[in-house]
Amino acid sequence: MGRHFSRSETAMGELVDGELVLLNMDSGEYFGLNPTGTRIWELLGEHGDLDRVHEALVRQYAVDPERLRADLEELVADLERAGLVHETRVR
């Protein structure tokens with residue numbers, strides 16, 4: 001079974017010139033996402049399941065699936081370290 005993530009309740013976002021600026025309300029730290037990262041953020045909110053997010057991105061972008069998987073995992077790890085998402089257990 002794939003990994004699932006939820007967006008933090010303390011994460012606030014604002015779109016600025018096509019990029020999403022996230023604020024962790026607990027730490028006061030900002031985190032910026034380019035348009036692709038913004039799409040990942042949206043898909044995490046819709047699906048949470050990294051496999052489903054990956055599938056949607058492969059359909060949307062002309063990119064090597066393995067490279068996309070690595071980039072997706074890296075961004076989600078960065079978001080997790082920033083306290084903007086957390087891994088959830090699915091039964």
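The values are calculated or read from the model by the stated rules, or taken from the named source; none is laboratory data. Only a predicted model underlies this, so the values are computations on that prediction, with no experimental measurement involved. Glycine also receives a Cβ, built like all others from the backbone with ideal geometry; neighbour counts cover every protein chain displayed. Only protein heavy atoms, including side chains, enter the accessible area calculation; ligands, DNA and RNA are left aside. Shrake-Rupley method; radii C 1.70, N 1.55, O 1.52, S 1.80 Å.
Would a scan of the range 58-67 turn up a residue that is crowded, with 18+ Cβ neighbours inside 10 Å and touching a helix residue (DSSP H, G or I) at 6+ places or on another chain (Cβ under 8 Å)?
Within the range 58-67, none of the residues are crowded, with 18+ Cβ neighbours inside 10 Å and touching a helix residue (DSSP H, G or I) at 6+ places or on another chain (Cβ under 8 Å).
Candidates in the range 7-43 are the residues that are open to solvent by less than 40 Å² (accessible area, probe 1.4 Å) and hydroxyl-bearing (Ser, Thr, Tyr); of these, the one that is farthest from Leu57 (Cα to Cα) is Thr10. Annotation: Leu79 fulfils all but one of (1) in a loop (DSSP other than H, G, I, E, B); (2) hydrophobic (A, V, I, L, M, F, W, C); (3) touching a strand residue (DSSP E or B) at 6+ places or on another chain (Cβ under 8 Å); the unmet one is (1). If the condition is being among the aromatic types (Phe, Trp, Tyr) and part of a loop (DSSP other than H, G, I, E, B), then the range 15-73 contributes only Tyr61.
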